[in-house]
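The values are calculated or read from the model by the stated rules, or taken from the named source; none is laboratory data. Note that this is a predicted model, so its numbers are computed, not measured. Note that each Cβ is placed from the backbone with ideal geometry, even for glycine, and that neighbours are counted across all protein chains shown. With ligands, DNA and RNA removed, areas are computed over all heavy atoms of the protein, side chains included. Shrake-Rupley method; radii C 1.70, N 1.55, O 1.52, S 1.80 Å.
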Amino acid sequence: MSEDGQLWLDEESGPLVRPYAMVHGRTRPARPELDVATQLLTSWSGADRSGISVEHEEILRLCVRPMSIAEVAAHLDTPIVVAKVLVSDLIDRGDLVTDKASRKAQRPNRQLLEAVLEGVRRL
């Protein structure tokens, strides 16, 4: 119900209710190392897939070919964080694997950036 006592219908609940419900209120993935470029691939380990959500099943279908988390989020029409939470679930179950090369890029150290800046200033 709204503050003025009116009953809300599902269509009026807004675009964030469904993603929130899809991940059971979780707002952080279990695997913080995942980024938007992390490549995913369905694992055919034969794990029992009973009890997973429709969205989990869709991710497994999408990732038969390598696909990034950003692409998964776009296909599911969900925020990136929702896709990361769902993907984390599947990785933990052994249903998805990630590529080893998709780790977050390390930031250059401050000394290197200062040296580049100094070189540009000399130009």
Looking at (1) open to solvent by 20 Å² or more (accessible area, probe 1.4 Å); (2) modelled with pLDDT under 65; (3) assigned to a helix (DSSP H, G or I), which is the one condition that is false for PRO19?
(1)
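May I ask you to list the residues in the stretch 68-109 that are modelled with pLDDT of 85 or more and either over 23 Å from ARG26 (Cα atoms) or of a type in the set (Lys, Arg) (or both)?
First, pick out the residues of the stretch 68-109 that are modelled with pLDDT of 85 or more: 68-98.
Scanning the stretch 68-109 gives LYS84, ARG93.
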GLU58 passes all but one of (1) in contact with a helix residue (DSSP H, G or I) (Cβ under 7 Å, 6 or more places away or on another chain); (2) of a type in the set (Asp, Glu); (3) under 18 Å from ARG26 (Cα atoms); which number fails?
(3)
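In the stretch 38-55, which residues are among the polar types (S, T, N, Q) and either open to solvent by 30 Å² or more (accessible area, probe 1.4 Å) or within 16 Å of ARG26 (Cβ to Cβ) (or both)? Outline the logic, then answer.
Of the residues in the stretch 38-55, the ones among the polar types (S, T, N, Q) are 38-39, 42-43, 45, 50, 53.
Once the filter is applied, which keeps residues that are among the polar types (S, T, N, Q) and either open to solvent by 30 Å² or more (accessible area, probe 1.4 Å) or within 16 Å of ARG26 (Cβ to Cβ) (or both), the stretch 38-55 yields GLN39, SER45, SER50, SER53.
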Which of the following residues is in a strand (DSSP E or B) and within 16 Å of the chain's Cα centre (by Cα): LEU60, LEU41?
LEU41
